[in-house]
Amino acid sequence: QVQLVESGGGLVQPGGSLRLSCAASGIIFSIYTMGWYRQAPGKQRELVAIITNNGNTNYAESVKGRFTISRDNTKHTVNLQMNSLKPEDTAMYYCCVPSRGHWGQGTQVTVSS
């Protein structure tokens, strides 16, 4: 059974930082592209960042230069370092295995003063 468990969300002021983590189990983690998506209230879920099995990355234009995705294949984790956070980054953030359609339960990020 595949499990993706996100952690690290919370409330942060504009300009602040958060680091999200996703722990995966039940899959051969090292062979899959992993992704972070987000969904804000009233909006569609959107891609934030993806990282391939060999470490190539791609980012949404809105987060380029502020967010960094990384993975640790020995620990089966994928992380999202978020810096210079803006109120428009407020959303539920989800970890996923795009090719398998597996999703975590999400972790809430709220950016507000």
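The values are calculated or read from the model by the stated rules, or taken from the named source; none is laboratory data. Model, not experiment: these values are computed from the prediction. Neighbour counts run over all protein chains shown; Cβ positions are idealised from the backbone, glycine included. Areas reflect the complete protein model, heavy atoms only, side chains present, ligands, DNA and RNA absent. Shrake-Rupley method; radii C 1.70, N 1.55, O 1.52, S 1.80 Å.
Brief remarks on what is shown
- For Glu6, the stated conditions hold: it is modelled with pLDDT of 95 or more, among the acidic types (Asp, Glu) and touching a strand residue (DSSP E or B) at 6+ places or on another chain (Cβ under 9 Å).
- Qualifying residue in the range 55-65 (condition: in contact with a helix residue (DSSP H, G or I) (Cβ under 9 Å, 6 or more places away or on another chain) and either at pLDDT 95 or above or under 16 Å from Gly10 (Cβ atoms) (or both)): yes
- Neighbours by Cβ (under 7 Å, 6+ apart or cross-chain): first from the range 9-27, touching a residue at least 24 places away in the same chain (Cβ under 8 Å) and in a strand (DSSP E or B); second hydrophobic (A, V, I, L, M, F, W, C) and surrounded by fewer than 16 Cβ atoms within 10 Å (Cβ to Cβ): Cys22/Val5; Ala23/Val5
- Among the residues of the range 1-32, those identified as surrounded by 18 or more Cβ atoms within 10 Å (Cβ to Cβ) and not small (Gly, Ala, Ser) are Leu4, Glu6, Val12, Leu18, Leu20, Cys22, Phe29, Tyr32.
- Strands (runs of 3 or more DSSP E) completely within the range 37-113 that count 1 or more residues being open to solvent by less than 40 Å² (accessible area, probe 1.4 Å): 46-51, 67-72, 77-82, 91-97, 107-111
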